Structure formats: structure tokens, C-alpha cells
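The next block holds one structure in the form of C-alpha cells; read it before the comments.
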Amino acid sequence: MTSAVTLIRSNLLSSAAEYAYAATAPAGARLIFLAGSCPLNEDGTTAGIGDYQAQARKAVENMRLALEAAGAGIADVISTRVLVASSKQSDLVAAWEVVRAAFGEHDVPSTLMGVTVLGYDHQLVEIEAVAAVMD
């Protein structure tokens with residue numbers, strides 16, 4: 001399968017952002033909407049309790065597995081939303097640095113949000129993603 005994602009940048013917007021500001025997929029692309037990737041181990045326990053970076057790594061790992069099951073890869077992601085259970089910017093940045101590094105050159109449009117609580121016991125990070133592929 002060929003990735004259908006085109007990342008869009010603009011020199012009219014801040015260059016401080018570490019991601020593209022928009023992305024497109026052509027008509028006919030198959031869109032894949034992933035459930036939020038959580039830092040859960042295979043047995044359902046939460047990985048990296050108390051550690052934002054460890055939970056971000058596990059969430060990325062689980063996102064990659066979900067993408068693979070849908071016939072896609074990380075280069076096919078068109079956007080993300082990273083949810084971090086904290087009101088401290090440093091905690092958000094700790095999780096973001098892991099997610100950003102996982103995407104490498106494929107710097108998809110992303111939103112980073114602090115939230116009050118997430119769904120699983122001890123959960124600190126969740127990553128939502130949309131991907132697009134040409135079959």
C-alpha cells in the first residue's frame with residue numbers, strides 16, 4: 001500500500017511548531033480512525049505507572065500495532081491528538097517529546113492537550129490518530 005498523506009507547511013505560520021500545520025489525503029484514500037492508543041500491556045495492566053515518557057512509549061508501540069493491523073504504518077498517519085493527564089506543561093512536553101521522536105521526519109499535524117483524567121487506572125497518556133492509505 002502507498003501512503004496517501006501529504007503534509008502541508010506555511011511560511012506564514014510560526015516555525016516554532018514541531019509539526020506540519022495541515023495534511024491532506026486524495027479522494028479514494030482509505031481513512032483509518034484509530035481508537036486512542038493507551039499505555040496498556042497485553043494483560044491489560046497499565047505500563048510505566050507514574051512515568052509520562054514510559055507511558056508515551058507504550059502508547060506509541062500500541063498505536064504502531066493498531067496501524068499494522070489496519071494495513072498502515074506510522075508514515076500513513078495524517079493527524080494525532082496526544083492527551084496527557086496533567087495540568088503541568090512539563091508533563092505534557094515529556095510525553096510530546098517521545099511521540100514527536102517516534103514520528104521522525106513524518107511530522108504530522110498534532111494537538112497536545114492536558115486533561116484531568118483518562119480512562120484506565122494510573123493512565124497518564126493516550127494518543128488518538130487518523131491515517132490514510134491508497135489500496
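A few notes on this one:
- 3J(HN,Hα) along the range 121-135: 4, 6, 6, 10, 9, 8, 10, 8, 8, 10, 10, 9, 9, 9, 7 Hz, from the Karplus curve 6.51 cos²θ - 1.76 cosθ + 1.60 with θ = phi - 60°, whole Hz, x for Gly and Pro.
- Each residue of the range 44-58 was assigned a 3J(HN,Hα) from its phi angle through the Karplus curve 6.51 cos²θ - 1.76 cosθ + 1.60 (θ = phi - 60°); the sequence is x, 7, 7, 7, x, 3, x, 10, 4, 5, 4, 5, 5, 4, 5 Hz, with glycine and proline shown as x.
- Note on LEU31 and GLU97: their simple-model spin labels are 3.4 nm apart, each label 7 Å out from Cα toward Cβ.
- For peptides 50-57, 5-12, sequence by mean Cβ density within 10 Å, most packed first: 50-57, 5-12
- With the helix formula -39500 (n - 2.57) applied to DSSP H stretches of n ≥ 4, the chain reaches a computed 222 nm mean residue ellipticity of -8000 deg cm²/dmol.
- Within the accessible area of the chain (1.4 Å probe), percent carbon and sulfur: 53
- Computed from Cα positions, the angle between helix 89-103 and the longest principal axis of the chain comes to roughly 50 degrees.
- Fraction of beta bridges assigned by DSSP in the chain that are antiparallel (%, nearest 5): 75
- For LEU40, the residues whose modelled amide H falls within less than 5 Å of its own, excluding neighbours fewer than 5 places apart on the same chain, are ALA47.
- Coupling constants for the range 20-35 follow from the phi torsions by the Karplus curve (6.51 cos²θ - 1.76 cosθ + 1.60, θ = phi - 60°), and in residue order they are 5, 8, 8, 8, 10, 9, x, 3, x, 6, 8, 8, 10, 9, 8, 5 Hz; glycine and proline get x.
- Between the amide H of SER79 and those of VAL130, distances stay under 5 Å, these residues lying 5 or more places away or on another chain, with hydrogens modeled in the peptide plane.
- Near HIS122, no amide H atom lies under 5 Å from its own; only residues 5 or more places off or on other chains count, and H is placed 1.01 Å from N.
- Protection proxy ranking for 30-40, 118-128, 61-71, 14-24, using the average of other Cβ atoms within 10 Å per residue and placing the highest first: 118-128, 30-40, 61-71, 14-24.
The values are calculated or read from the model by the stated rules, or taken from the named source; none is laboratory data. These numbers were taken from a predicted model, which means no experiment stands behind them. Neighbour counts run over all protein chains shown; Cβ positions are idealised from the backbone, glycine included. What goes into the accessible areas is simple: the full protein's heavy atoms, side chains included, and nothing from ligands, DNA or RNA. Shrake-Rupley method; radii C 1.70, N 1.55, O 1.52, S 1.80 Å.
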